[in-house]
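The values are calculated or read from the model by the stated rules, or taken from the named source; none is laboratory data. Everything quoted here is computed from the prediction, not taken from an experiment. Positions of Cβ are generated from backbone atoms using ideal geometry, with glycine treated the same way; all protein chains shown enter the neighbour counts.
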Amino acid sequence: MTQIPRTSPRTQGNTQHPSLAFFCVEVFAGLFLCFAFVWGVCFALINVFGRHATPPVAYAAALKHVQLNLSIVINQPGMQKDWPGYSPSNLVVPANSIVTVTLRDYDLGDTPLPNNSPFTKVQGALGGVAFADGKAYSALAPEKVAHTFTIPQLNINVPLPGDGAKGASYDTITFTLRTRAAGSYYFQCFDPCGTGASGWEGPMVTRGYMRGSFTVQG
Ligand SMILES: [Cu+2]
């Protein structure tokens with residue numbers, strides 16, 4: 001027959017205290033783990049949403065950066081013979097932004113500016129420089145100018161060199177502008193590249209040629 005050990009109740013009685021202690025430890029550990037888990041989940045969520053929430057704030061503080069491409073062309077279909085013109089001639093850029101202009105001048109060859117001309121200097125471009133085929137310049141010799149990109153109301157002026165790389169049909173001028181409030185302006189070439197004795201007639205005074213609109217949109 002199976003004997004029930006007499007010690008069984010005593011043993012049970014003896015083990016009641018340790019199992020209660022274990023139970024307490026287990027409950028405590030369970031609660032701790034739950035707390036740790038919840039805290040971990042919260043931390044992860046804060047981290048994830050924090051990371052998602054931070055960039056818009058950072059981007060809102062950063063300025064929008066846009067590219068503006070334009071050319072100076074000549075003798076294209078529909079154009080007056082030998083009249084150089086900006087294409088496009090209606091420029092639209094966003095307000096309070098950084099605008100990098102890439103300008104291809106297909107009308108190479110210099111038309112000297114007067115010696116005391118203020119239009120030989122780069123003005124209003126970021127860093128006071130423009131780049132001709134990648135080479136920085138802050139001013140050009142008066143006799144080395146083909147055209148200018150000038151917005152008088154915004155004190156922006158970039159003289160454009162008339163010498164391209166050997167054999168090239170155009171040179172590429174880049175510069176960066178910082179726009180501010182919205183407004184309607186005009187841009188124009190101030191190098192006497194036009195017709196007439198002064199060089200200030202024809203394309204120089206005709207919209208769609210050496211002058212156009214510059215709209216800063218809010
Ligand atoms: Cu011009």
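Values for this structure:
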read-out: Among residues of the stretch 198-218, those that are away from the ligand (no atom under 16 Å from the Cβ) and outside any strand (DSSP E or B), counted; value: 1
read-out: Pick from the stretch 117-126, criterion over 13 Å from D191 (Cα atoms) and not in a strand (DSSP E or B), ranking: nearest to the ligand (Cβ to nearest atom); value: V122
read-out: Considering residues of the stretch 104-126 that are in contact (Cβ under 8 Å) with a residue 60 or more places away in the chain and acidic (D, E) only, the residue nearest to R180 (Cα to Cα); value: D105
read-out: Sole exception among (1) surrounded by 16 or more Cβ atoms within 10 Å (Cβ to Cβ); (2) within 17 Å of the chain's Cα centre (by Cα) for L63, by number; value: (1)
read-out: Residue list for the stretch 135-154, filter: in contact (Cβ under 8 Å) with a residue 24 or more places away in the chain and either of a type outside the set (A, V, I, L, M, F, W, C) or over 24 Å from G199 (Cα atoms) (or both); value: Y137, P142, E143, K144, H147, T148, T150, P152, Q153, L154
read-out: From the options D82, D105, residue that is touching a Phe, Trp or Tyr at 6+ places or on another chain (Cβ under 9 Å), acidic (D, E) and within 14 Å of the ligand (Cβ to nearest atom); value: D105
read-out: Top-ranked residue in the stretch 179-191 [being in a loop (DSSP other than H, G, I, E, B) and within 15 Å of F149 (Cβ to Cβ); ranked as nearest to the chain's Cα centre (by Cα)]; value: T179
read-out: The listed residue being at pLDDT 95 or above and of a type in the set (K, R), out of R51, R104, R6, R10; value: R104
read-out: Lone qualifier among L160, L140, L103 - being surrounded by 18 or more Cβ atoms within 10 Å (Cβ to Cβ) and under 21 Å from the mean Cα position of the chain (by Cα); value: L103
read-out: Subset of the stretch 127-178 (residues that are part of a loop (DSSP other than H, G, I, E, B) and either within 28 Å of K64 (Cβ to Cβ) or within 13 Å of the ligand (Cβ to nearest atom) (or both)); value: V129, D133, G134, S138, N155, G162
